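Peer 1: Here's a structure for you.
The values are calculated or read from the model by the stated rules, or taken from the named source; none is laboratory data. As the structure is a prediction and not an experimental result, all values here were calculated from the model. When we count neighbours, we look across all protein chains shown, and the Cβ atoms used for this are built from the backbone with ideal geometry, even at glycine. These area figures cover heavy atoms from the full protein model, side chains too; ligands, DNA and RNA do not enter into them. Shrake-Rupley method; radii C 1.70, N 1.55, O 1.52, S 1.80 Å.
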Amino acid sequence: MDYIATPGAPKAIGPYSQAILANGVLYTSGQIALHPETGEIVPGDFAAQANRGFDNHAAVLKEAGSGFDRVMKATVYVTDLANFATLNTIYVERFGNHRPARTTVQVPALPKGSLLEIDLVALT
């Protein structure tokens, strides 16, 4: 089991790793819309936050030798399902024709007031 860490994604805000790599499978921790340098939520709407979350994941995936085309499962937590269509648009931009399994769940709140949190399971 290897711990994956990159300065291209925010440091963990709790006792966890950015990702764990075990037996060729990468398990990422949830990424919210934190800027990696400031540790603060990026300003803007749901789309801005979603793009930052996916940018953070891109850095973690790259550090582990993977990419969005290797993702098998995505879990997305949103505070408002009214943003579902926007999420789908950004999701297609990031994954292209690749269609990993996905679960999207509305939750009452997320850390630091984020509008979404994303975690992934990918092959390396």
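Peer 1: On the protein heavy atoms, probe 1.4 angstrom, tell me the percent of accessible surface of segment 15-124 carried by carbon and sulfur. Mind dumping the intermediate values first?
Peer 2: Values: 2830 of 5280 Å².
Percent of accessible area from carbon and sulfur atoms in segment 15-124: 54.
Peer 1: For Arg52, tell me the accessible area in Å² from a 1.4 Å probe, rounded to the nearest 10.
Peer 2: For Arg52, solvent-accessible area is about 40 Å².
Peer 1: Using a Förster distance of 22 Å, how high is the FRET efficiency between Asn51 and Lys73, based on the Cβ-Cβ distance and rounded to 0.05?
Peer 2: Numbers: r = 20 Å, r/R0 = 0.93.
Computed FRET efficiency for Asn51 and Lys73 comes out at 0.60.
Peer 1: Sticking with this structure for a sec: Return one quarter of the surface area of the convex hull spanned by the alpha-carbon atoms of the chain, equal to its mean projected area, in nm².
Peer 2: Numbers: hull surface 27.8 nm².
Mean shadow area of the hull around the Cα atoms is 6.9 nm².
Peer 1: Roughly what % of DSSP beta bridges within the chain run antiparallel, to the nearest 5? Write down the numbers at each step before the final one.
Peer 2: Values: 19 of 25 bridges.
Counting only bridges with both partners in the chain, antiparallel ones make up about 75 percent.
Peer 1: Could you sort Glu117, Glu63, Glu37, Glu93 by accessible area so the largest value comes first, with the probe set to 1.4 Å? Walk me through the numbers before you get to the answer.
Peer 2: On the way: Glu117 40, Glu63 100, Glu37 165, Glu93 125 Å².
Listed by decreasing accessible area, they come as Glu37, Glu93, Glu63, Glu117.
Peer 1: Take peptides 23-34, 76-87 and line them up by average Cβ neighbours within 10 Å, highest first, as a rough protection proxy. Intermediate results must be reported in sequence, preceding the final value.
Peer 2: Working: 23-34: 19.4, 76-87: 15.7.
Result, highest mean first: 23-34, 76-87.
Peer 1: At 1.4 Å probe radius, can you tell me the per residue accessible area of the chain in Å²?
Peer 2: Values: 6280 Å² over 124 residues.
Dividing the accessible area of the chain by its residue count gives 51 Å².
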